[in-house]
Every structure is written in structure tokens, then in C-alpha cells.
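The values are calculated or read from the model by the stated rules, or taken from the named source; none is laboratory data. The structure presented is a predicted model; accordingly, all values stated were derived computationally and were not measured. Cβ placement follows ideal geometry from the backbone for every residue including glycine, while neighbour counts extend to all protein chains displayed. These area figures cover heavy atoms from the full protein model, side chains too; ligands, DNA and RNA do not enter into them. Shrake-Rupley method; radii C 1.70, N 1.55, O 1.52, S 1.80 Å.
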Amino acid sequence: MEQFLIANMAPIMFGTLVVFLLSGFPVAFALAANGLFFGLMGIELGLLKPELLQALPNRIFGIMANDTLLAIPFFTFMGLILERSGMAEDLLDTIGQLFGPVRGGVAYAVIFVGALLAATTGVVAASVISMGLISLPVMLRYGYDKKLASGVIAASGTLAQIIPPSLVLIVMADQLGRSVGDMYKAAFVPGLLLTAMYAGYVLAMSIFKPHSVPALPPEARNLREPNGKSGVISLLALIAVATGAAFAFAEYYAATHPKAASDEVGIYSAAVAIIGAFVLALINRQLKMGLLSRMAEKVVFVLIPPLALIFLVLGTIFVGIATPTEGGGMGAFGALILALMNRRLSWSLMKQAMDSTTRLSCFVVFILIGSSVFGLTFRAVNGDLWVEHLLTSLPGGTMGFLIVVNLLFFGLAFFLDFFELAFILVPLVGPVADKLGIDLIWFGVLLGVNMQTSFMHPPFGFALFYLRSVAPKEVTTSDIYWGAVPFVLIQVIMVGLIIGFPDIVSIAEKTDMKEQIELKIDLPGQDQGGETPQLNFSTEGDNKDGGAPQLNFSTEPEEKK
């Protein structure tokens, strides 16, 4: 029996963890208890040494000293403040009026605002609850299908999982040992593509089932000119002027800064367009020039503040001015300013936001401590090698590995939260992916899109629970569940697209973490005319055999070329 336990400690340990998790035991304590129990068992059986557990304090202090994780409370606090600042209400009302004459206009507005809230808050709960309280009653009042309305709101809220500044991308970067900024850049296009796919589904419904997504009736469109016109022409003219200014600035900046990266030029140009549009609208309002319609003015003054916050946070991260932690701090400060401008900032609001931020941050840290305890013992019993052999021996090579891992994450997402998946499974499959030659930035974005489904899975999807808590009584739980199914399928299709077309995830300009070091050593007794022996080495090893980097040097002088 002892020999069987020693030979199969890793699979027994992993199976016991699964039983603990499925039994409903708190994840953080299940991980820590599992690690300690099998650690003590391994010591008793002579498989492990008692000194192993002395590494636990250093691991815990390492978690506390991790600067990357500071971004989580910053972005959470920012999202909670913005949720209560009135920004979501203003955005949904204004964008709903803009798209109102179109079939499915309110649904398009929900998707657009969901993406915008995702880029400013990064918190799923804030987005789903805000849009459920504001948009769902409006959609039901004007005859939207209950299932479609529920699905659109829940799915749009989960965009906060993949559109930066997503919390799951921060955790993914930390667990995979990659830059958060690179992960954000890589996830931007997939997030926008997923948003477009949601809008495409609404468009298909408006064509094949037009009665399920009606347009707003004329009496509900209150942002009109005195002569009855919508004022969209004025808005289009303003967009054209701002776009022209952005292109002109891009040409000027590219000419004066030839070495500037394309994303840097794009971010600065977009900032010029946004600032220019806001200044024009402000001058028009102050001088009462009458150049812009009510619709154009409303869109500018409602849309520009969150866009400015997005460029303050993501723009500074992408350009390299700020780290993600610093960007999160600026975002939290900007959220306070927006709440103050909307006259929503109060001590009770601050207290609620700080309480919720502290609760979520403690939740994350406790799970991370538990996973660290589990990981210490699991690796000590060669669990990482067991997982590696298990996954690399799959048929199909790299493609087989990707399919099995995605099916595993998709299945466990029915029962586990994305934090739990990230802290338990990602450290196990990440090294295997790296050994198979898969770029870990690309792999992290792929898993992020996959884990997005954890919020939408019936019957345990958190987004569905959030929506259920604020939905009217006429919307049944089955309506919410069935409404989520098409959007889960869209997310699965997105996972397939990333695997089939890897270039969707931009990883061309990722940060190079490899060091190139050259040391020159002058010998004391060397003649003046002699050559200096050189010691050249690099941390980049020969990866042909998957071996570790090697250090080779010689005291012979380098031959002249």
C-alpha cells in the first residue's frame, strides 16, 4: 500500500482536490488543506523531507510583495466607483436614443455600452447589474424577446473578462510569468471581435425574427431637434472633423517620430480626436453657436469622459508611460473625479466601494496562498512531470493539447470561478504549453476567452445570478438560462477562431525578457598592444533539445573578423 501511494501520489493528490472542490468546500482552504495533508503524508512515507514546508513562509511573503497583483484592487475600486457614478445610466440612455430608430437598437446600445464599461471597469458584476437595472425594463416595455434581452445583457457584461483592463488577464499574466501590458495588447482585438460577433447575432435576429427586436417607437425618442429631426447628421459631421484631425496628427507625428510604434501613433491620434471633439462641443455650448444638434452634444458630453478614462488607463499602459499597477491607480483617481463631476461622490459610496474591493482582494489573495501551498507539495511529488507526460502524450500533438485543455477548462467552468481556474489549472498547463512551443501570451488570451464562458454557463454562471437578482418577476430563470446559450456558443466559436487563426491575437511586439550581457575582463599583466580576452554569454540557451541555458567561455582572445 505504501509503495502504491508513493508511486501514485500526484494523481491521488489531484483527484482528492477535485473531490474537495466538487463537494462545495471553500476553494482556498481546500487547496491549502490538500497541500498540507499530502505534504505531511509524503514526509511520513519518506518521499519528502521535512525541510520542504520551510519554504511556505517565503512563498506567502512573495505573494504579498507581488506588485502586479496591486492592479486588482485598483481596477476593482475604479469599476465600483464608476458603477455608482451614474455613468452607465447616461451611456445607456444616450446610446439607446442614438440607435433607437434601428431594429434591435437598444440591444446594440447594450453591447456597445457593455464593451465601454468593460474597458473602464473590468468588473463583470458592475456591468451586468447596471445594464440589468437600466436596460432590461426598457427592452421588455417595448416588446423585446425576454430570452434575447437577458442573453444580450449577461453576455455584454462578461466582455469585462477579455477587454482590458480585465482582472483575469492580470491573473493570467502573473501565473504565466508574462507582462500584463503585453497581455492587454494581445487581448484587445479578440475583445473587439467578440463584441462585433454579439452585434452580428442581434443583426441576424433583426433579419430573421424582426418581432423579437423592435425599434423604439417615435414617442420614446426624446433627443430630437425642435423641427423633429434626429440630429444624427450633425454628429456624423463632428465625427468626420475629429477623424480628419486624428489622421492629420498621425501623419505629422509619424514624420517627426519615425521610430514611434504604430500603437503609440494610434493612441496619440485617437486622443487628439477625442480632445478636439470635446473642445468643439464645449465651445459650441458656451458660445451658443448652434453648430451641433442636441444628439451630438449629448453623445459628446456623455461619451468623452469614459473614453478619456480609457485612454488615461490603457493608453499610458500601451505606450509604456505607466505600468498596469500605475495605470490602475490613475484609473481609480479618474473614477473619483468622474463621480465628483456627476455629484455622486459621497462617504457612503466610498465605504461601499472600499468594502467590496477589500473583500475581492482578500478572496484573490487567499486563493493564491492556497494554490501556492498546493503547488509546493504537488511539484515536490513530481506532479508537474505527471501533468506534462499526461498532456504531451495526447494524440494530435500541439492541436490535441489545445483541444483537450480547452475542453477541460470549458467543463470545469460549469463549477469553478475564473479565479479558481486561473490559480489551480494555469500553473499546471502553462509550462507544458511553453515546452510545446506555444507562445504564452497567445495561450493566456485563448484561455481568457474560454474562461469567459464560466460566467455564462447555466446553471452556475455568475453573470446569470447577477442578472437574476435585478431582473423583473416576469423574466423567469429559464428565460435567462436559454437566453445565455447562443452567446456561450458564440464564445466557443471565438475560441475556435483563435486556434484556427492565431494571428487574431497580436503577439508580434511583446516585451523581450531575454538578457544579452557582455563582460570584458582586463588582465593586470597584459601588454598595451595586446588584445583583451572577452567573456560573452547569454541567458538564451539552445532549445533544440529543450535543455537549460548553458554558459560557455574562454580566456582566448576573440578572433578578428
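Key figures for this structure:
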| read-out | value |
| --- | --- |
| Contour minus Cα-Cα distance for Ile493 and Phe29 (0.36 nm per residue) | 163.5 nm |
| Cα→Cβ-extended label distance, 7 Å offset, between Trp347 and Asn58, nm | 4.7 nm |
| Inter-label distance for His211 and Leu436, nm, one decimal - labels placed 7 Å from Cα along Cα-to-Cβ | 4.8 nm |
| Relative packing of peptides 359-369, 12-22, 329-339 - highest average C-beta neighbours within 10 Å first | 329-339, 359-369, 12-22 |
| Inter-label distance for Asn8 and Cys362, nm, one decimal - labels placed 7 Å from Cα along Cα-to-Cβ | 4.1 nm |
| Extension gain, Phe415 back to Val189 (0.36 nm per residue minus Cα-Cα distance, nm) | 78.5 nm |
| Coil-residue trypsin sites (Lys or Arg not before Pro) of the range 266-319, DSSP, other Cβ within 10 Å capped at 12 | Lys288 |
| Translational D in µm²/s for the range 150-200 (Stokes-Einstein at 37 °C, 0.692 mPa s, Kirkwood Rh from C-alpha pairs) | 288 µm²/s |
| Where the range 5-133 is the region considered: accessible area per residue in Å², 1.4 Å probe | 40 Å² |
| Helix 397-412 axis, angle to the chain major axis (alpha carbon atoms, nearest 10°) | 60 degrees |
| Within the accessible area of the range 75-132 (1.4 Å probe), percent carbon and sulfur | 63 percent |
| Fraction of accessible area attributable to carbon and sulfur, the range 205-361 (%, probe 1.4 Å) | 68 percent |
| Principal-axis tilt of helix 324-341 within the chain, Cα atoms, nearest 10 degrees | 20 degrees |
